[in-house]
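> Structure provided below as structure tokens; questions to follow.
The values are calculated or read from the model by the stated rules, or taken from the named source; none is laboratory data. All values derive from a computational prediction rather than experimental measurement. FYI the Cβ positions are ideal-geometry reconstructions off the backbone, even for glycines, and counts take in every protein chain you see.
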Amino acid sequence: MTNRTLAELGTPVVLLERARMERNIRAMQADCAAAGVKLWPHIKTHKMVEVARRQLAAGAEGLTCAKPGEAEAMLPSGVKRIFIAHSLVDVRVAPRLATLAGQLEELRVAATSPAQAEALARVAVAAGVKLKVMLAVDTGLGREGVRDAAAARAVAEIVGRFPQLKLAGCYTHEGQLYGAEPAAQRAQVDAVIDRLAAVRDAVDPDLPLWPGCSVTARHMLATGRVQVVRPGAYMFGDIALAVTTKVMPVADVAVHVLVTVVDRPEPGLALIDAGSKVFSSDKTAQGVHAMVADGRDIQVVRVNEEHGFVRGADVDTLRVGDRLRFIPAHICPVINLTDFVTVVEGDTVVDRWRVDARGRVD
Ligand SMILES: Cc1ncc(COP(=O)(O)O)c(C=O)c1O
């Protein structure tokens, strides 16, 4: 596989520009270190042991995972500390948590409401291991997390009843910032931290604050009020990060999808060999599933399973057989739809990495 050129690859294929990704990993780590903040990247975006290894080697303190399955898949990276940031409630997961805890120095789990905390306690008792508990606070996304100080105190009271559980911090996923214009981001980040800190102070002012989102990570460092950040998509990038929220340059986006123009059925329209089974159905607010990476006005504006519908001012420059690199609207599902990524340095293929936690939604 190595030392081939891009021209030898069939399409569609997900390309990972290794040097760009490594630069993005180092840059985030350096910014965290300069701010005295620990980095626990969320592996939901990359799902790859090879990427986790590089994040840990750069200095990441631990890894955040969505589910126990992602945590299990990341163990070969040598990770020592994992935070499973999801509402665990099923006692059937207890043996897996016990095994994970035995293979790690530290396993953190989430307490996301009083009802869930009761269920979590039953899981922890069944697992028979000590778990650090992160209190989830809703700071505007409207997903998991306590809505007010009373609910936070209720969660703390439940956690305090069980010797298996120890409250160890407050976290949030401020994903609503994906809708924030660059000029509005810092004020919204301040509001998120005000909210997170207010709920924390109602429980225990000594608990550390762990926000987590690639849009906010650097703004969070600038607040001087957080102890950990948990960005996920920052080392790859996508339209959401490079164009919509502009927190990274388009030239730093490290994953492209290489596709082929397979038909030109009418003026103004090209069809490519990648549709929803490659890009997923995710799109921007303007309805764009992917944009061409070379700066031309060419976008995937509709997807069927095996076809992408390509339009834009420059689409009539395309010929059947042309190959194009696209930046997806949202990178996470694109990685989860492929077994392997092809690792490249410019036009040279240098490796092929398995997406180890692909489909690990368990
Ligand atoms: C709980 C949690 N933490 C961290 C992240 C990482 O955020 P981002 O994808 O913006 O980097 C996510 C993303 O969905 C998340 O759900």
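> Which one of the conditions (1) buried (at least 18 other Cβ atoms within 10 Å of the Cβ); (2) farther than 17 Å from T64 by Cβ; (3) at pLDDT 95 or above does A180 fail to meet, given that it meets all the rest?
(3)
> Right, next: Restricting the range 168-205 to residues that are in contact with a Gly (Cβ under 7 Å, 6 or more places away or on another chain) and in a helix (DSSP H, G or I), which is farthest from A150 (Cα to Cα)?
Step by step, filter the range 168-205, then rank; the result is Q176.
> Return the residue satisfying two criteria in turn: it lies in the range 75-100 and is in a helix (DSSP H, G or I) and in contact with a Lys or Arg (Cβ under 7 Å, 6 or more places away or on another chain), and of such residues it is nearest to A119 (Cα to Cα).
Out of the qualifying residues, it is V91.
> Okay, moving on. Among (1) of a type in the set (A, V, I, L, M, F, W, C); (2) more than 16 Å from the ligand (Cβ to nearest atom); (3) over 27 Å from V125 (Cβ atoms), which single condition is F162 missing?
Checking F162 against (1) of a type in the set (A, V, I, L, M, F, W, C); (2) more than 16 Å from the ligand (Cβ to nearest atom); (3) over 27 Å from V125 (Cβ atoms), the one that fails is (3).
> Within the range 64-82, identify whether any single residue is among the β-branched types (V, I, T), under 24 Å from R360 (Cα atoms), without any contact (Cβ under 8 Å) to a residue 60 or more places away in the chain and outside the structural domain of G346 (by TED's automatic domain parsing), and answer yes or no.
The answer is yes, given that some residue of the range 64-82 is among the β-branched types (V, I, T), under 24 Å from R360 (Cα atoms), without any contact (Cβ under 8 Å) to a residue 60 or more places away in the chain and outside the structural domain of G346 (by TED's automatic domain parsing).
> Every residue in the range 51-70 that is within 12 Å of the ligand (Cβ to nearest atom) and assigned to a loop (DSSP other than H, G, I, E, B), please.
Passing the criteria: A66, K67.
> Quick one: in the range 303-339, which of the residues that are free of Cβ contacts under 8 Å to residues at least 60 places away in the same chain, buried (at least 16 other Cβ atoms within 10 Å of the Cβ) and outside any loop (DSSP other than H, G, I, E, B) is nearest to the chain's Cα centre (by Cα)?
P333
> Is it true that A127 is more than 18 Å from D201 (Cβ to Cβ), of a type in the set (G, A, S) and surrounded by 17 or more Cβ atoms within 10 Å (Cβ to Cβ)?
Here the answer is yes, as A127 does meet what is asked.
> Go through the range 213-236 and report how many residues are farther than 17 Å from G175 by Cβ, away from the ligand (no atom under 12 Å from the Cβ) and of a type outside the set (S, T, N, Q).
Count: 4.
> Condition test on V261, is it touching a Ser or Thr at 6+ places or on another chain (Cβ under 9 Å) and modelled with pLDDT of 95 or more?
no
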